[in-house]
């Protein structure tokens, strides 16, 4: 039937469910978030950086990554030049700037969806 890209998400860093981070977070490689972040989350865009957020994970701030898999909540703008996958429990309060997007029935976005084209200048997440 449908051929989906089923490559697994690389995880180099795990933020557990009981962890709360207050302040901006910068990372490289793969980050999996089960906890909460109150601040902006930015990936090293020169590498294949990816962020996955479980249904217990949340971010209150902007997100700037290459690829994002979201099952939790983000309150802020998302900029993902690569792929954005929104699961059924995903909640976004902000604009989503994406290269490719996949949404499951039930995902909620309160904001605009804006497709990024190649050659377009980088958008600073605010």
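Rounded is the label for the chain. Its Cα gyration tensor axes, ordered a ≥ b ≥ c, give a/c under 1.5. Highest mobility in the GNM of the chain, judged by mean-square fluctuation with C-alpha springs under 10 Å and restricted to 80, 107, 49, is found for 107.
With a/c under 1.5 counting as rounded, go ahead and sort the range 20-63 into rounded, prolate or oblate using the C-alpha gyration tensor (a ≥ b ≥ c being the square roots of the eigenvalues; past the cut-off, prolate if a/b is larger than b/c, else oblate). Working shown, then result.
On the way: a/c = 2.39, a/b = 1.39, b/c = 1.72.
Taking the square roots of the gyration eigenvalues as a ≥ b ≥ c, the range 20-63 is oblate.
For the chain, what's the relative contact order in percent, using C-alpha pairs closer than 8 Å and at least 6 residues apart?
Values: 361 pairs, mean separation 19.1, N = 126.
The value is 15 percent.
Return the single residue from 73, 90, 16 with maximal mean-square fluctuation; model: Gaussian network over the chain, springs between Cα atoms under 10 Å. Ranking 73, 90, 16 by mean-square fluctuation puts 16 first.
Hey, in the GNM for the chain with a 10 angstrom Cα cutoff, which one of 58, 50, 89 fluctuates hardest? Comparing 58, 50, 89 in the GNM, the peak value goes to 89.
Classify the range 46-116 from the C-alpha gyration tensor, please: rounded if a/c falls under 1.5, else prolate or oblate depending on whether a/b exceeds b/c.
Values: a/c = 1.36, a/b = 1.24, b/c = 1.10.
Rounded.
Read-outs: derived from the displayed coordinates by stated rules, not from any lab. Given the structure is predicted, the values throughout are model-derived calculations rather than measurements.
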